[in-house]
Structures are given as C-alpha cells and as structure tokens.
Amino acid sequence: MRPVLDSHLIHRVPTIKVFWASADPCSRKNLIRNGYVGNVFFRIKIVMMLVAGVNAGVFALATAGGVADWNLQPRPPFKARFAGAASLSLWGGIVVAGRLIAYNWFN
C-alpha cells in the first residue's frame, strides 16, 4: 500500500513568480548588456521555464481535489502522469539549453 499524500501540502506550496517581473533592474540590464537576451538558447531556456511553471500550476489546479483517491488506483491518473513526464522533459531541456548558452552558434 502506498503512503497517503497529504492534500494540505498542495496549498502550502509558495506561489510561483515569474523571475523577470521580480528581478532587480540592474540584473535585467546585465542580461541585456552581456548578450544573453539575444542568445537563442537563453530564450529557449526562459520559454521552457515559463511553460514548466504553467505546467506546475495547471497540475496543482487539476489534481488538487483528487489526490487522496490516487491510493485506491493501481496507477496515478493520466493527467498526473502526463504532467510528470512534461515536467521531467522540460527541466531536462532547461538544463541542456542552459549549458548551450555558452556556445552561441547563431551569431
């Protein structure tokens, strides 16, 4: 038997903030001055981070009510498995894109 997931933990997760809106203005200037904003891999990384945040938000909203029922089923529901696979894929892509920022082949 799998352990019961506490459904109250979902409500304790801090709100996701988009980094660009909360970043220090000096940090934004450095991103522009150092050429990161023009780098295609940096843009891909930022877009994937935004999509990963939306994925986490949709997952939290779509599955918040039925988490306790997951222990009664042999497998988690399709929405949960899809969100997990999307999250792993996105974060793997974020790591790869972050590593490729140093190699700007498109200038």
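Suppose R0 equals 22 Å. What FRET efficiency, 1/(1 + (r/R0)^6) with r the Cβ-Cβ distance, do SER87 and VAL37 give to the nearest 0.05? Could you put the intermediate results ahead of the total?
Numbers: r = 26 Å, r/R0 = 1.17.
With a Förster radius of 22 Å, E is 0.30.
Modelled spin labels at VAL47 and LEU72, positioned 7 Å past Cα toward Cβ, are 4.2 nm from each other.
Can you tell me the length gained on complete extension of the stretch LYS79 to VAL95, counting 0.36 nm per residue apart and subtracting the Cα distance?
Values: separation 16, 0.36 × 16 = 5.76 nm, distance 2.42 nm.
So the extension gain works out to 3.3 nm.
Values in this text are rule-based calculations from the coordinates and carry no lab data. What you are looking at is a predicted structure, and each value in this text was computed from that prediction instead of being measured. Because the Cβ atoms are built from the backbone with ideal geometry, glycine has one as well, and the counts that use them run over all protein chains shown.
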